[in-house]
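Trainee: Please read through the structure below; I'll follow up with questions.
Every number here is computed from the coordinates shown, using simple stated rules; none is lab data. Note that the coordinates shown come from a computational prediction; the quantities given were computed from them, not determined experimentally. Cβ atoms come from the backbone with ideal geometry, glycine included; neighbour counts cover every protein chain shown.
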Amino acid sequence: METLKVEEPDFAETAMRSMFTFDDFAKLPDETIRILSEACDDPQLLIALKDSNNHLIDKILNNLTDKRAEIIRTEIEREEFVSLEKSFQAMNNLIDILRRLERNGKIIIERF
């Protein structure tokens, strides 16, 4: 990507804007997180958050109902192992849900 930034800066900028990672969820508005959380199930959310940083976990859990957030937080804190493959799959599933919501006009994703 660094070479692309030097040789094709306009294309590199466009490519960077189109990329969206699970960590970018922390930059989303609260309302977007709430809409996303309504579209996904708890097991998938739990697996995706299991190895995430505290900032991202707090961002998402603060936009859930208190009861739902408490259940997920308790499960995150359990010492249960989740494979990297399962974790990445859950993260990618949530990204897919987010993009579907955007395509359907339910949310607007600002490109960072």
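Trainee: To the nearest 10 degrees, how steeply does helix 9-18 sit against the main Cα axis of the chain, on a 0 to 90 scale?
Mentor: It works out to around 20 degrees.
Trainee: How many times 2.2 N^0.38 Å is the alpha carbon radius of gyration of segment 21-103?
Mentor: Against the compact-globule rule of thumb, the ratio is 0.99.
Trainee: So, one more: Take a quick pass over segment 21-103 and tell me how many lysine pairs come in under 19 angstrom between Cα atoms, counting only ones 8 or more apart or on separate chains.
Mentor: Taking segment 21-103 as the scope, the lysine pair count is 6.
Trainee: Which whole-number percentage describes the relative contact order of the chain, with Cα contacts under 8 Å and a sequence gap of 6 or more?
Mentor: Relative contact order for the chain comes out at 35 percent.
Trainee: Continuing with this model, one more query. Across 10 Å bins from 0, what is the distribution of all Cα-Cα pair distances for segment 57-110, in whole percents?
Mentor: The percentages, shortest bin first, are 20, 39, 35, 6.
Trainee: While we're here: For Glu102 and Glu75, FRET efficiency with R0 = 35 Å and r from the beta-carbon atoms, rounded to 0.05?
Mentor: 0.80
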